[in-house]
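Okay, structure first, notes after.
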Amino acid sequence: MTAKDLIKKYNIQYHTDTTLQVGRKPSATDLQAIKDNKPEILAILIAEKKAKDDAREAREKAIAGIDGLDALRKAIDAEYAYSREVNRRFEDESLSSFMPGKPASSDDLKKQYPRAAAYIKAENWTMSGNVDKYSAGQKALERIINDENHVTVIAEMEAEWSQAAHEAMMRD
């Protein structure tokens, strides 16, 4: 049995650079095979871990490279915080009647950074409890991260959701 076969059969996971985590109890002969192939198994698992880490870093770098994303997120967060504070002050009559200063609208930033706005819209869809809407948002999110045309991606995301919603309505 090869090292890859042992990894798959016993769900062997990388634990540290010198230890393995075996998911299922191996037979005596397979245990010996695991011990004999430990360096190769470790090398495979370390390479897989490095590939996953590199992919995650590349994805994070691509997200960080979306112009205006941080500024737009901060503006949206400020609008949300303002809305919460206004509501809190209306509900609690003992608070001062002076309202906090209204933050700048995020609409200008959405126009200035349409790709960032598209990313946030798709990201919001991935938080949906509806599986079809989540799926459409997730696909769009990945496509925007991979630098596809955000206008086309959002249009296709909305069309996919519209089609899924229509099909669901027809089933019911």
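For this structure, a couple of remarks:
- If the condition is being out of contact with any helix residue (DSSP H, G or I) (no Cβ under 7 Å at 6 or more places or on another chain) and among the basic types (K, R), then the stretch 1-39 contributes K8, K9, R24, K25, K35, K38.
- Output for the stretch 11-21, where each listed residue is assigned to a loop (DSSP other than H, G, I, E, B) and either aliphatic (A, V, I, L, M) or modelled with pLDDT under 90 (or both): I12, H15, T16, D17, T18, T19
- Test: residue in the stretch 22-44 that is at pLDDT 90 or above, closer than 30 Å to I145 by Cβ, of a type outside the set (F, W, Y) and within 25 Å of the chain's Cα centre (by Cα): no
- Of all residues in the stretch 57-116, those being touching a residue at least 40 places away in the same chain (Cβ under 8 Å), among the charged types (D, E, K, R) and either touching a helix residue (DSSP H, G or I) at 6+ places or on another chain (Cβ under 6 Å) or on the phi > 0 side of the Ramachandran plot (or both) number 1.
The values are calculated or read from the model by the stated rules, or taken from the named source; none is laboratory data. As the structure is a prediction and not an experimental result, all values here were calculated from the model. Cβ sites come from the backbone with ideal geometry, for glycine too, and all protein chains shown count toward neighbours.
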